[in-house]
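So the structure is just underneath, and the comments pick up after that.
Laboratory data are not the source of any read-out in this text; all were calculated from the coordinates shown. In this text, all values refer to a predicted model and were calculated from it rather than measured experimentally. Virtual Cβ from ideal backbone geometry, glycine too; neighbours counted across all protein chains shown.
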4 protein chains.
Amino acid sequence: MTHRVGILGATGAVGQRFIQLLDGHPQFEIACLTASDASAGKPYREAAKWRLDSAIPKPVRDITVRATDPAEIPDDVDLLFSSLPSGVAAEIEPDLCAAGYVVSSNSSNDRMADDVPLTIPEINPGHLDLIEVQRDERGWDGALVKNPNCSTITMVPTLAALDEFGLERAQVSTLQAVSGAGYSGVTSMEIIDNAIPHIGGEEEKMETESRKLLGDFDGAELSLHSAEVAASCNRIPTIDGHLENVFAELADDPEPADVRAAMESYPSADLPSSPDQLIHVFGDDQPERPQPRMDRMRGDGMQVVAGGVRTTPAGVKYNCLAHNTIRGAAGASLLNGELLANEGWI
Amino acid sequence: MTHRVGILGATGAVGQRFIQLLDGHPQFEIACLTASDASAGKPYREAAKWRLDSAIPKPVRDITVRATDPAEIPDDVDLLFSSLPSGVAAEIEPDLCAAGYVVSSNSSNDRMADDVPLTIPEINPGHLDLIEVQRDERGWDGALVKNPNCSTITMVPTLAALDEFGLERAQVSTLQAVSGAGYSGVTSMEIIDNAIPHIGGEEEKMETESRKLLGDFDGAELSLHSAEVAASCNRIPTIDGHLENVFAELADDPEPADVRAAMESYPSADLPSSPDQLIHVFGDDQPERPQPRMDRMRGDGMQVVAGGVRTTPAGVKYNCLAHNTIRGAAGASLLNGELLANEGWI
Amino acid sequence: MTHRVGILGATGAVGQRFIQLLDGHPQFEIACLTASDASAGKPYREAAKWRLDSAIPKPVRDITVRATDPAEIPDDVDLLFSSLPSGVAAEIEPDLCAAGYVVSSNSSNDRMADDVPLTIPEINPGHLDLIEVQRDERGWDGALVKNPNCSTITMVPTLAALDEFGLERAQVSTLQAVSGAGYSGVTSMEIIDNAIPHIGGEEEKMETESRKLLGDFDGAELSLHSAEVAASCNRIPTIDGHLENVFAELADDPEPADVRAAMESYPSADLPSSPDQLIHVFGDDQPERPQPRMDRMRGDGMQVVAGGVRTTPAGVKYNCLAHNTIRGAAGASLLNGELLANEGWI
Amino acid sequence: MTHRVGILGATGAVGQRFIQLLDGHPQFEIACLTASDASAGKPYREAAKWRLDSAIPKPVRDITVRATDPAEIPDDVDLLFSSLPSGVAAEIEPDLCAAGYVVSSNSSNDRMADDVPLTIPEINPGHLDLIEVQRDERGWDGALVKNPNCSTITMVPTLAALDEFGLERAQVSTLQAVSGAGYSGVTSMEIIDNAIPHIGGEEEKMETESRKLLGDFDGAELSLHSAEVAASCNRIPTIDGHLENVFAELADDPEPADVRAAMESYPSADLPSSPDQLIHVFGDDQPERPQPRMDRMRGDGMQVVAGGVRTTPAGVKYNCLAHNTIRGAAGASLLNGELLANEGWI
């Protein structure tokens, strides 16, 4: 069965990725694209300054862009993907949910709200049942589901895999690509021959979202995971792919081989956009991997890649990497959409 | 009083920095330049492929390069600066010390040897007295003094400043410039639009050298500092300047303002190449600093620059930065040379 | 019909591209991989430090690498692709041709030899008949066919398309990617925040090869095209994709629209690796294209992309771009191999 | 004698360079800084987001920024340096000149106006006498003097030096640094691992401004130089320093050695900011120079650097380079200010 879907904020960087990823999708058909009022009424090919290195999919070129306004969304659309700026999203997403739409949103607003599922389908699919609580509390017919921040999503699958050893604390330093800030977010003067050890709000997102994703939902309430998380976030001159150094303190004392095995065997999900293997791990013979340019497109950009596992005085140390605008943004929302479809929420 | 000095490995990247930094030096005069046999006999301007953005100092252009051989060093040279590859250094430095020369070496061999002072003049000048032990044990008339690795030297001054709060553990992630690997160490294919989460041997150097630098020397024996250190080292596409994210766990519980004050007030040394202030700290209003391209030349490349201080579940978090081929290599050996001169070892 | 092919120099950068491009090829099956003596005897996966962002094709992983020695090539191999260093190629290619092998070579030696076809299949397929002359003169059973240099190959298709207007002179400035120099050819210290206005021998290659490619072969002798060509070659910090600024002086006085039409309608070849359209041209509304990162993979890396056409006091000005290691190297030799197969030379 | 000067647009990228270059200037003292209304009333250190790698000069830190409004400029200011956006400059510069101020402007408006001197002091100081014509025609007490575009200024000194051989035509391709577009002009997504073969309006500026600079002023009218100029402009991932490939067709047929000698001996000006030698030329032994990162700071950023001279079928080919925000912008206006002072116009 095919669902008709819409994309809110379809002309932006993440919006373009949605369109690229939805091209030929087995379950979803693009029925509606929205953007700012200035773009409304134009065919998509004119409204969007297309920046990906593949062409605009043919069926999308001539779709007329609509204003991002609940009144403009057709009734027969089942699911909306949102990559709106968080301020706009905070205003419009509740209206859409109240109007009965199910929204899978990449925007950062409301991620930590008690009744909003923050979900990575391979990690915490059960959190989706928070929708019941959400509907009760808010009186919505629709639903709002969030995916985490791109830097969080890169690390959390590896922490989930290590939790069998008793995760107690994690410190992470990130080396993040410029695309994470949007097309104009980082100027060339800021980043050529340079690095910036600060991304506004990013460290807090990693420290809180990680604990929610790894937390327990007992059917009524969601409790955060007990592990402490501390993050240090940096921007570096790479286009795509967030690389992260993690120190994980574990109650047990696993050998590197055990750590690698736990990651490699952590199950993926049976969804169209999930990779066959969730986490690929490089061995001792390739300590220099993963690397952004070499590894970001593994699993069509949806796999998490790890390596450099070793034991240190501060716990197990390893590196992980994921494509920040695919696995970390548009692909994350899309995957949540697939989970919503599979579980019958749409 | 002026000392006549020599540079071993004078044509390499660090050797060129030595020459640049010694230009107009108040205490030292270049009397001897050595390089590989292939360069011996040529004037320096022909032997060296000069790569710095200032010109070769005039007095050096026509100095005839000598082979790196103890027999070639003039007797009236008091001090030798060494930036030889560590394999070559391990062979030749002991011979030079036995022959009576005092060697201030940037090479990584023997840094952790029990009787070799590993010194940052502003941090542990007293360790220089290990030379007595060294001479006793090895029967040398000369002496061998080392400076730490460039990534270690960037962090240790900040840890020294925080030790008043009881340093218990430090985790560090580095974002290191390509010049740290030498002129041909990192290819452009490896690093453009990329990052490499591994630098051979670097993490171990940071984990061991830091504890030696912060350790106690009781006049007979040097004991390592009790703090645990764990490092994760990355190469990124910057030319000069290592940026590091540090999480420091401290017995006391200082506020960020106390941390900044401790760093800013940590004393510098009274040596020609020491900066007026050892550590410059950016405040809360500029969390995006320090940055490599903007801050590496502070204090003529000899100052350590910190910022981004905040409290996390994993201790105090901050960022620090230093110029890796000035403060972290040639400038470090030069500073040790100045300390050796001041303390009367030459 | 499938031909068994070999790759000489299979572990290098171009050799890896050959393997990637031959994966699933409809006509060619890899039967033999050669490399230096140090690699001989090892399975390919161990011999090669694989650097492409796709995995080593499964059938190739376990092929045992042979020494690059005529005695090692199996008899049933029909065609050899060569990406040997030109010095090695100059020694070994003639022996292989004498031994009866047909060699499609990317190496720069002998490209301008009177009896060696220098071929781009879409441009001058008829030059292949020089093989008759070659066999007569050299007494070979095999044959040696060359493709031009990567910077030449980017420009010549556009000049061929403009020759209907009477090409009289061309000036070109190139902005070339670092991969053109091989994996270790350009160090990061040389190119970050920099550009190098010199590539050894490159300008002469463009100036001579272009005229041979556009020249006439009358069945006995090949005459160079009469147009003058002047080149200025630069290396810039891009990974793949050579961008070139061309000023073409034409006897006629075509309008930009005519120039674009001539390029867009220039025929491609009916070969498996030829793109559907040989030259894609961006219009007036996108003067900022083509760009290396955005356009190098058009036509799977085999299309030439042009744009920015305008009339100047120095003739028609435009920009063109091609993927230097696909269309400009491995793909070029492969395409010549396909032409050799189609024309019955193997 | 010291002149009191003002800077219009003092908080922008070029404005910051003005402040840096005026620090310690022998003739000029900063008396007034203007910026947008939003900055007016604030001390400079708060109004400007300072982005240079040296600190804000002490005397400037606390100057109160004024609105860019003729009414706000103190009467005792003799000279105004302008780096306003060209639209703003076109409105306000005439008012200032009418009010009696002499304006040395880097803004692109009015550069080609018949009665506006477009001046490089070492090249065409005599054009300054156009001010008489300007005052006659416009009834101004003040005066408006322009410097050319940064890409023009890099090439024109070399063309001026070659005009003794009879300059007939010049083609140029540029590799321009991102700082030329202002701090936010080029995003990192646009330029990392990329190049952009288009800069709006730049080619026309080079083609027209060059001929005006090299033209004759007979005391009444200025005639353009007869040489044709054709330009192709590219943006590449460098921070500072425009590199340019020039093909110059000359009536005479000079040898490369003559070309180098003509450039090296071309006279500089006797002004505080002029370099001792106007053009430094690299010889045959260093064809890979000049390079942006290595050579942009020669002569404190005010020298033009050339190299790679050779004879081609399209005339003499060479490369040239200058620092685009020093020699090419703020330093150019400053130099014009020095000429205005020396010639008694202020």
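Structure summary
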quantity	calculated
Inter-copy separations for C:Gly166, label at 7 Å along Cα-Cβ, nm, ascending	2.5, 8.8, 9.1
Diffusion coefficient, µm² s⁻¹, Stokes-Einstein with Kirkwood Rh over alpha-carbon pairs of region A:15-63 at 20 °C and 1.002 mPa s	189 µm²/s
Cα centroid separation, region D:42-97 to region B:239-297 (Å)	33 Å
The protein assembly as shown shape via C-alpha gyration tensor axes, a/c threshold 1.5	rounded
Two-site label geometry, C:Met112 and A:Asp218: point separation in nm, points 7 Å out along Cα→Cβ	8.3 nm
Shielding by other protein chains, A:235-247, mean Cβ within 10 Å	6
Pairwise centroid distance, computed over Cα atoms, of region A:142-220 with region D:308-334, Å	46 Å
Dipole magnitude of the protein assembly as shown, debye to nearest 20 (Cβ charges: Lys/Arg +1, Asp/Glu -1, about Cα centre)	20 debye
Burial ranking of peptide ranges C:93-104, D:61-72 (average Cβ count within 10 Å, highest at the top)	C:93-104, D:61-72
Global form of region B:1-100, assessed from the alpha-carbon gyration tensor, a/c cut-off 1.5	oblate
For region A:234-282: span of alpha carbons on each principal axis (Å, largest first)	37, 32, 18
Proximal charge balance of B:Val305 [Cβ under 15 Å; K/R count +1, D/E count -1]	-3
Neighbour net charge for B:Ala48 - beta-carbon separation under 10 angstrom, K R +1, D E -1	+4
Ranked list, fewest to most other Cβ atoms within 10 Å of each Cβ, for A:Thr208, D:Thr152	A:Thr208, D:Thr152
Partner chain coverage, peptide A:149-158 - average Cβ within 10 angstrom	0
Once the Cα gyration tensor of chain B is diagonalised, semi-axes √(5λ) in Å	32, 23, 18
Unit Cα scatterers, Debye sum, region D:113-162: log10 I(q)/I(0) for q = 0.21 Å⁻¹	-0.73
Helix runs (DSSP H) in chain A reaching 15 Å along axis by Cα, Kyte-Doolittle at least 0.5	A:86-98, A:150-162, A:331-342
Reachable lysines from A:Lys49, criterion Cα separation under 24 angstrom, eight or more residues apart if same chain	A:Lys58
Whole-angstrom Cα spans of region C:43-96 along principal axes, big to small	33, 25, 17
Cβ-based charge dipole, region C:150-323, positive-most Cα from C:Cys233, C:His280, C:Ala170	C:Cys233
In order through region A:273-287: 3J(HN,Hα) via Karplus (6.51 cos²θ - 1.76 cosθ + 1.60), integer Hz, x for Gly, Pro	9, 6, x, 4, 10, 5, 10, 8, 10, 7, x, 4, 7, 10, x
Set of aspartates and glutamates with alpha-carbon distance to D:Lys42 below 18 Å, sequence-local pairs under 8 removed	B:Asp285, D:Asp62, D:Asp69, D:Glu72
Volume per residue of the C-alpha convex hull in region C:247-346, rounded to whole Å³	112 Å³
Ascending list, in nanometres, of distances separating the A:Ala261 label from those of the other copies (7 Å, Cα toward Cβ)	5.3, 7.1, 8.0
Residues of type lysines that C:Lys205 reaches as a straight line, Cα spacing below 24 Å, ignoring anything fewer than 8 places off in the same chain	C:Lys146, C:Lys317, D:Lys317
Compactness relative to 2.2 N^0.38 Å, alpha carbon Rg of region B:101-213	1.23
Per-residue average of Cβ from other chains inside 10 Å of A:307-314	5
Region D:150-323 - Debye-derived log10 I(q)/I(0), Cα point model, q = 0.19 Å⁻¹	-1.31
Pseudo-label separations to other copies for B:Thr2 - Cα-to-Cβ vector, 7 Å, nm	3.7, 7.8, 8.6
Chain D - percent relative contact order, Cα under 8 Å, separation 6 or more	17 percent
Residue with peak Gaussian network fluctuation, chain B [Cα springs, cutoff 10 Å], from B:Gly301, B:Gly200, B:Gly166	B:Gly200
Within-13-Å neighbourhood charge of D:Asp216 [Cβ basis; K, R +1; D, E -1]	-2
Calculated P(r) of region B:26-176 - Cα pairs past 22 Å, %	52 percent
Where Rh is the Kirkwood radius over Cα pairs, Rg/Rh for region A:210-253	1.11
Residues B:Asp37 and C:Asp252, FRET efficiency given R0 of 51 Å [Cβ-Cβ distance, rounded to 0.05]	0.20
DSSP beta bridges in chain A [antiparallel fraction, %, rounded to 5]	45 percent
Relative packing of peptides B:215-227, D:123-135, D:222-234 - highest average C-beta neighbours within 10 Å first	D:222-234, D:123-135, B:215-227
